[in-house]
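The values are calculated or read from the model by the stated rules, or taken from the named source; none is laboratory data. Predicted model only: the values in this text are computed from it and were never measured. Ideal geometry is used to build each Cβ from the backbone, glycine not excepted, and the neighbour counts take in all protein chains shown.
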Amino acid sequence: MASIKQLNIVLDMAHKKENETLKIFSQAKQQLTQLQQQMASLAQYKVDYLEQMKPENSQQITAAKLIRLQGFLAQLDKSIFQQRDVIAKASLAVDARRLEWSKAKRYADSIVFLIDKQHGEAALKENKLQQKLSDEFAMMSHHRKQRHS
């Protein structure tokens, strides 16, 4: 089995990998949040624009203006649809980054477990050795007392 010193080196590398994947995961989440905010802004812009175009808020809508309005709304709907597609892809990327980070974290945690296990085994071995030495010392003391008695 690898020594604790070797495992500590591996643990340092695992923690670096975990931190890198966490940073990438956080960046992906932040990008997704920005995309969702942009989507909400687009949707709100459409609602606000339609509100402004209600007959009671404007004088009279000409046919040409109505055609431009329909074209603009179609373009806005297209942008919203495209934004949904971008958000879906970004969401998949976030899930992938979360999985990579989770794997890196589990790996680092497993190294910590191995180090803890080796520390425990070393402590148990040391305790057994101390007990053995103590028992031998007690036996030698007992034999000396019997010889001198």
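Annotations
- Filter result (in a helix (DSSP H, G or I) and either on the phi > 0 side of the Ramachandran plot or free of Cβ contacts under 8 Å to residues at least 24 places away in the same chain (or both)) within the range 37-54: Q37, A40, S41, Q44, V47, D48, L50, E51, Q52
- Selection within the range 74-102 - within 30 Å of E18 (Cα to Cα) and of a type in the set (F, W, Y): W101
- Residue tally, condition over 37 Å from the mean Cα position of the chain (by Cα) and exposed (fewer than 12 other Cβ atoms within 10 Å of the Cβ), over the range 69-88: 3
- Qualifying residue in the range 103-119 (condition: within 27 Å of Q37 (Cα to Cα), β-branched (V, I, T), surrounded by 12 or more Cβ atoms within 10 Å (Cβ to Cβ) and under 32 Å from the mean Cα position of the chain (by Cα)): no
- Sole residue being under 19 Å from the mean Cα position of the chain (by Cα) and surrounded by 13 or more Cβ atoms within 10 Å (Cβ to Cβ), chosen from K29, K23, K16, K46: K29
- Options V94, V112, V86; residue that is within 30 Å of I4 (Cβ to Cβ), modelled with pLDDT of 90 or more and not basic (K, R): V112
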